[in-house]
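Single-structure report; data block below.
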Amino acid sequence: VLREPVGVVGLITPWNFPFLILCERIPFILASGCTVVVKPSEVTSATTLLLGEILSEGGAPDGVYNVVTGSGRTIGQALSEHPDVDMLSFTGSTSVGRSCVHAAADSNFKKLGLELGGKNPIIVFADSDLEDAADGAAFGISFNTGQCCVSSSRVIVERSVAREFEEILAAKMARIVVGDPLQTKTQVGAITTDAQNSTILSYIDKGKAEGATLVAGGHALDLGGGQYIAPTLFSGVTPEMSIARDEIFGPVLSSFHFDTVEEAIGLANDTVYGLAASLWTKNIDKALVVTRRVRAGRFWVNTIMAGGPEMPLGGFKQSGWGREAGMYGVEEYTQVKSVHIEVGKRTHWIK
């Protein structure tokens, strides 16, 4: 059984991690023996172009790493439909991922790797270290200003400690330093675009209108030099609310309450997404049961956003297809060939 390079890979990367995602893809694409054509976000193309210069200076042959720039509607669509592209790897929204599926099917049935949206839960049990869990939740929703597909945007707390936990969490979120990312004290920077800023603020308004209780943040910050939003926490959120269901892609965290393990698992799985999840408890038996039953491609116990290059990345449900990183990441960019070599004399079919 052989694994052979899939061939030419089209790689479409998003604006939120323009260099990190390249680092999670390019080594594995090249290690598998493929060549790549990268289409970066038109908002953040510079690092992708710079990596090309670095690879060229390092001796990479011409044609191994290629970059095309432009909008997703033109360049991205062309790459998705191109008959000479053997595989498309896309990171971005689920809606655009669905368009990639159609484009691949309508062209050459190219292989697809998709890392899409998430509405990722944190489950906090009463027996956990609440201070630690609250710090993890605050980091999980504020990292990269919440503009992250694995942001923990839903915290599901055991009812008996919900009020205490939310008070600890709100106090921590209020102490997060928002500002210029070039300042060493800054923990949360600016929102990337005007459009994204407006989207996040509109969801905060929806949360208030739909009856959720604003516990922390909930407003823009006038800090100059960019668009800033205070890390925001809503309590009393119910599953049908927009802030509970939609991927906001900003620092907006919704809190739910549960009484039983079954209820916690049900709330965690009550989403079309399945990218990541985390769990906080001192009971390892409980942790192992819940880990098995929550449908997510990445799962953290008593920590969040941990990992390394050996750990595969990818989602369940509408959060994507395939896996990146680790040996799975190398295999993702290959195809399997079964080879049978006859070493003895065949039994002839024709008598």
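Cross-link reach is defined here as a Cα-Cα straight distance under 29 Å, omitting same-chain residues fewer than 8 places apart; for Lys119 the lysines meeting it are Lys39, Lys110, Lys111, Lys172, Lys185, Lys206, Lys208, Lys282, Lys286, Lys317.
If you take all C-alpha pairs in the chain, what percent of them are over 35 Å apart? Across the chain, Cα pairs with separations above 35 Å total 30 percent. Taken along the Cα-to-beta-carbon direction at a fixed 7 Å, the label points for Val261 and Gln183 span 4.7 nm.
Going by a ≥ b ≥ c, the root eigenvalues of the Cα gyration tensor, does segment 121-301 fall in the rounded group (a/c under 1.5), the prolate group (a/b larger than b/c) or the oblate group? Since a/c reaches 1.5 and a/b is larger than b/c, the shape of segment 121-301 is classed as prolate. Applying 1/(1 + (r/R0)^6) with R0 = 30 Å to the Cβ-Cβ distance of Arg73 and Thr213 gives a FRET efficiency near 0.15. Considering segment 109-185, its Cα convex hull presents a mean projected area of 7.6 nm². Neighbour counts of other Cβ atoms within 10 Å put Glu158, Glu263 in the fewest-to-most order Glu263, Glu158.
Bear in mind that the values in this text are calculations on the coordinates, not laboratory data. What you are looking at is a predicted structure, and each value in this text was computed from that prediction instead of being measured. Please note: Cβ atoms are built from the backbone with ideal geometry, for glycine as well, and neighbour counts cover all protein chains shown.
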